[in-house]
2 protein chains.
Amino acid sequence: MSSPDPRNGRGRGVISRRGLIGSAGVGVAAAGAGVLAGRMSSPAGAGTVSPTVPFRGQHQAGIVTPAQDRLHFATFDVQTTSRAELIELLKTWTVMAERMTAGHEATPDGAIGGEQYAPPTDTGEALDLHASKLTLTIGFGPSLFTRADGTDRFGLAARKPAALVDLPKFTGDALEPARCGGDIAVQACADDPQVAVHAIRNLARAGFGVVSVRWSQLGFGRTSSTSTSQVTPRNLLGFKDGTRNIKAEDRDLVDKFVWVDRGDDQGWMAGGSYLVTRRIRMLIEPWDRTTLHEQERVIGRTKGTGAPMGGREEFDELDLQSAGPSGPLVEADAHVRLASAEELGGIQIMRRGYNFTDGSDGFGHLDAGLFFIAYCRDPITQFVPMQNNLARNDALNEYIKHVGSGVFAVPPGVDAQSYWGSTLFD
Amino acid sequence: MSSPDPRNGRGRGVISRRGLIGSAGVGVAAAGAGVLAGRMSSPAGAGTVSPTVPFRGQHQAGIVTPAQDRLHFATFDVQTTSRAELIELLKTWTVMAERMTAGHEATPDGAIGGEQYAPPTDTGEALDLHASKLTLTIGFGPSLFTRADGTDRFGLAARKPAALVDLPKFTGDALEPARCGGDIAVQACADDPQVAVHAIRNLARAGFGVVSVRWSQLGFGRTSSTSTSQVTPRNLLGFKDGTRNIKAEDRDLVDKFVWVDRGDDQGWMAGGSYLVTRRIRMLIEPWDRTTLHEQERVIGRTKGTGAPMGGREEFDELDLQSAGPSGPLVEADAHVRLASAEELGGIQIMRRGYNFTDGSDGFGHLDAGLFFIAYCRDPITQFVPMQNNLARNDALNEYIKHVGSGVFAVPPGVDAQSYWGSTLFD
């Protein structure tokens, strides 16, 4: 890197993330791209335009967007009691989020171009990285509206959707409070994990004194496809996961099961959705000592192709009626049966989960599993009955444990003038 | 996937990982590649040969191999008291490791091609994934040779290298026992995290009853380059890290500072190395509230280009002599000065660290930092004096905390007939 960036008064010869990819300073960016291309750690070559997902629109990105490879999910407790401060932060976050999803720094020249005797306003670890399809999606937990004692914290109680209530206790729940809830959730998805981590960290940084991180979760591999353009990935049970997931291309299903309609409940949620998370610890050691026959019986699909029992290919129809060699072809307690629309009066959800491995559990096992994320139009009529059915009857329960949980109202997308949550606050 | 795999008697139409990439069954593999190519979750297109790193050789892979993007590192406690059982496991692991690094399943047709009424011998989550440059590197901790009370556990005490002793307590150490030590360490590096996780998990699975996982660590982004072909990545302080690292192409430096020579100590370690790990928690919130000037003063480099103080470009010479505006150009307690060969009597190490973010710390902060990995010819004369100098004097200590630690003797590479650790046991 031999020529100094003219926008940097300190003559350090730096091409910032903004300089490289931003729409401002195109001449500099073009010159910089040639210089930097060989130095990027991402696989894109010289002149490649980084893939970006538009931030603004009717709906928030990161819901029906084709699921990116990596996740950093965080929830925040709101510390301030000032509604104005909270709104101010949401406005700041909106600007930062739009910038970062476009491949820019969180703030203009934030990492190195600012005042030398002030803290940088971008933490810098994504300076050389592409946008990597980053999406940032915000949701509001029940506790943002009212405390457990009923306190109306920010004058929002009257606008709390009926669908936004803490999930009931399900059979077998082993929830750890430190992995549950949160006033605000932000989901960062990107194809580069450092880009997702950078985004969450910079939002947390900007929120200092107003919000604090309650819990966060990294996911290293997606476990669902949300688009017909994607292959079905495998979860840590070794099975393809999400074969029957709603795909973005199924517009009718998306409208029916994902987006909140204007007449559903609170008007401010129109175009929004509800996000449910469950940190599902997989007891992979017992699972790994189970026979292939039992594993396939429990799931209701073959492990190789992912075909349903009796089928030959992954997307063959799920046959819940036929008899098999010993009882129903797909057994009564098989996971696919219990989670199927056929068994649940037609309900479906859009899943967007990720595999995780967080060290060991202190007992000689890996702490691994599935960080379940689902979007639905109404958690009470979609997720809750599905999870009740699974929690009570699923043969898989012997091998999994739900240790974290959260439900969040995801407001609609932001238009050119608005900010995250503006339909709620304005 | 329309045609059944003829090697699969159950007619499931599955192309296994082995079938796709393996050297056996080339006809099937070729046919399968065309079918599967559009379904791979990795970016490789049809007909692309997955990049693999050779497993066997004079040295173990994963040391001077260009650092891959993702890490899963685990240590194990040996539970058996039988030397024969331990050797048997190491032989089994060697076969599995060689297979997995070549992009095969851990065992032939292990996930779905075996006996239906037996547990699968591969856990399956990497079935559709490429080798992704996977390397697996093994090391033996001091506790494998002798217990703290001096017990010779496996008749290895006389072969314990003088260089393999627990690290001394350094100033400021805040080590958590559950993140320290281990009888055996395995480093899995790959460009796909699911491939690295799969590898560690399958080794752990095969070791059931003989070893158990002590701790494990995921790293999402590399923080060092080990080859001149790589760009210098950024750590979570936002700075380029490892600019002055030894590169594989510096053959003289590698021989001098990385590989154990025949005359050094125990003959069985010739061609091996020593691995030092430190889990370094970064106190990123205080760091993020520090001025750019202070950050750069602490590190001794500019944040943008990574140029040393007074320099213009990253690889400009580190000037430890000149005066700056207020005292030395590179201050007395700057990180780069204290870690420099110039200040340490010429010693160097080869670094191979990774960024991590493991949820939150329970106090509103992300638990994030650097999982430091270094390889050296002798930890006592290389790592220990360097870390002593840093632990006592480094201005960076205000922003970091060492919470995990380990040192392991890394045996030489395995030739065609031998297994991991054969020079130690045979």
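The values are calculated or read from the model by the stated rules, or taken from the named source; none is laboratory data. Keep in mind it's a predicted model, so treat the numbers as computed, not measured. Cβ coordinates were reconstructed from backbone atoms using ideal geometry, including for glycine residues, and neighbour counts include every protein chain displayed.
Summary table below
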{"quantity": "Qualifying residue in the range A:329-349 (condition: within 21 Å of A:Leu237 (Cβ to Cβ) and among the polar types (S, T, N, Q))", "calculated": "yes"}
{"quantity": "Neighbours by Cβ (under 7 Å, 6+ apart or cross-chain): first from the range A:144-172, surrounded by fewer than 17 Cβ atoms within 10 Å (Cβ to Cβ); second among the hydroxyl-bearing types (Ser, Thr, Tyr)", "calculated": "A:Asp152/A:Thr146; A:Ala157/A:Thr146"}
{"quantity": "Breaking point among (1) surrounded by fewer than 18 Cβ atoms within 10 Å (Cβ to Cβ); (2) of a type outside the set (Phe, Trp, Tyr); (3) out of contact with any Asp or Glu (no Cβ under 8 Å at 6 or more places or on another chain), for B:Gly364", "calculated": "(3)"}
{"quantity": "Test: residue in the range B:174-181 that is under 18 Å from the mean Cα position of the chain (by Cα), under 23 Å from B:Thr52 (Cα atoms) and not hydrophobic (A, V, I, L, M, F, W, C)", "calculated": "no"}
{"quantity": "The range B:123-139: number of residues that are within 14 Å of chain A (Cβ to nearest Cβ) and in contact with a Pro (Cβ under 7 Å, 6 or more places away or on another chain)", "calculated": "1"}
{"quantity": "Positions within the range A:179-202 being more than 7 Å from chain B (Cβ to nearest Cβ) and either in contact with a Pro (Cβ under 9 Å, 6 or more places away or on another chain) or part of a loop (DSSP other than H, G, I, E, B) (or both), in sequence order", "calculated": "A:Gly181, A:Gly182, A:Asp183, A:Asp191, A:Asp192"}
{"quantity": "Test for A:Leu218: is it part of a helix (DSSP H, G or I) and within 19 Å of the chain's Cα centre (by Cα)", "calculated": "no"}
{"quantity": "Qualifying residue in the range A:252-262 (condition: over 28 Å from the mean Cα position of the chain (by Cα) and acidic (Asp, Glu))", "calculated": "no"}
{"quantity": "Every residue from the range B:101-122 that is more than 11 Å from chain A (Cβ to nearest Cβ), surrounded by 18 or more Cβ atoms within 10 Å (Cβ to Cβ) and not small (Gly, Ala, Ser)", "calculated": "B:Thr101, B:His104, B:Thr107"}
{"quantity": "Among the candidates B:Thr302, B:Thr277, B:Thr290, residue that is surrounded by fewer than 23 Cβ atoms within 10 Å (Cβ to Cβ), β-branched (Val, Ile, Thr) and modelled with pLDDT of 95 or more", "calculated": "B:Thr290"}
{"quantity": "Sole exception among (1) within 20 Å of the chain's Cα centre (by Cα); (2) within 21 Å of B:Phe154 (Cβ to Cβ); (3) basic (Lys, Arg) for B:Arg70, by number", "calculated": "(2)"}
{"quantity": "Count of residues meeting criterion [away from every other protein chain (no Cβ under 14 Å) and touching a helix residue (DSSP H, G or I) at 6+ places or on another chain (Cβ under 8 Å)] in the range B:334-382", "calculated": "17"}
{"quantity": "Residues (out of contact with any Phe, Trp or Tyr (no Cβ under 8 Å at 6 or more places or on another chain) and buried (at least 21 other Cβ atoms within 10 Å of the Cβ)) located in the range B:305-318", "calculated": "B:Thr305, B:Ala307, B:Pro308, B:Met309, B:Leu318"}
{"quantity": "Check on B:Asp265, more than 30 Å from A:Asp358 (Cβ to Cβ) and modelled with pLDDT of 95 or more", "calculated": "no"}
{"quantity": "Condition met for A:Asn245 (closer than 30 Å to A:Phe363 by Cβ and either buried (at least 24 other Cβ atoms within 10 Å of the Cβ) or not hydrophobic (A, V, I, L, M, F, W, C) (or both))", "calculated": "no"}
{"quantity": "Hits in the range A:296-350 - residues which are of a type in the set (S, T, N, Q) and within 28 Å of the chain's Cα centre (by Cα)", "calculated": "A:Thr302, A:Thr305, A:Ser340, A:Gln348"}
{"quantity": "B:Gly263, sole failed condition from (1) in contact (Cβ under 8 Å) with a residue 40 or more places away in the chain; (2) closer than 30 Å to B:Val165 by Cβ", "calculated": "(1)"}
{"quantity": "One residue from A:Arg214, A:Arg244, A:Arg201, A:Arg205 being out of contact with any strand residue (DSSP E or B) (no Cβ under 8 Å at 6 or more places or on another chain) and within 18 Å of A:Ile138 (Cβ to Cβ)", "calculated": "A:Arg205"}
{"quantity": "Residue among B:Ser273, B:Ser227, B:Ser216 that alone is within 21 Å of B:Phe383 (Cβ to Cβ) and of a type in the set (Ser, Thr, Tyr)", "calculated": "B:Ser273"}
{"quantity": "Among (1) within 30 Å of B:Leu237 (Cβ to Cβ); (2) in a loop (DSSP other than H, G, I, E, B) - the single one A:Asp166 does not satisfy", "calculated": "(1)"}
{"quantity": "Some residue of the range A:140-159 being at pLDDT 95 or above and within 12 Å of chain B (Cβ to nearest Cβ)", "calculated": "no"}
{"quantity": "Residue check, A:Arg205 outside any helix (DSSP H, G or I), within 12 Å of chain B (Cβ to nearest Cβ) and at pLDDT 95 or above", "calculated": "no"}
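For every residue, the table says whether it meets (1) among the small types (Gly, Ala, Ser); (2) part of a loop (DSSP other than H, G, I, E, B); (3) more than 23 Å from A:Gln295 (Cβ to Cβ).
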{"site": "A:Glu313", "(1), (2), (3)": "no, yes, no"}
{"site": "A:Asp319", "(1), (2), (3)": "no, yes, no"}
{"site": "A:Glu342", "(1), (2), (3)": "no, no, no"}
{"site": "A:Gly345", "(1), (2), (3)": "yes, yes, yes"}
{"site": "A:Phe356", "(1), (2), (3)": "no, no, no"}
{"site": "A:Ala368", "(1), (2), (3)": "yes, no, no"}
{"site": "A:Ile380", "(1), (2), (3)": "no, yes, yes"}
{"site": "A:Gln387", "(1), (2), (3)": "no, no, no"}
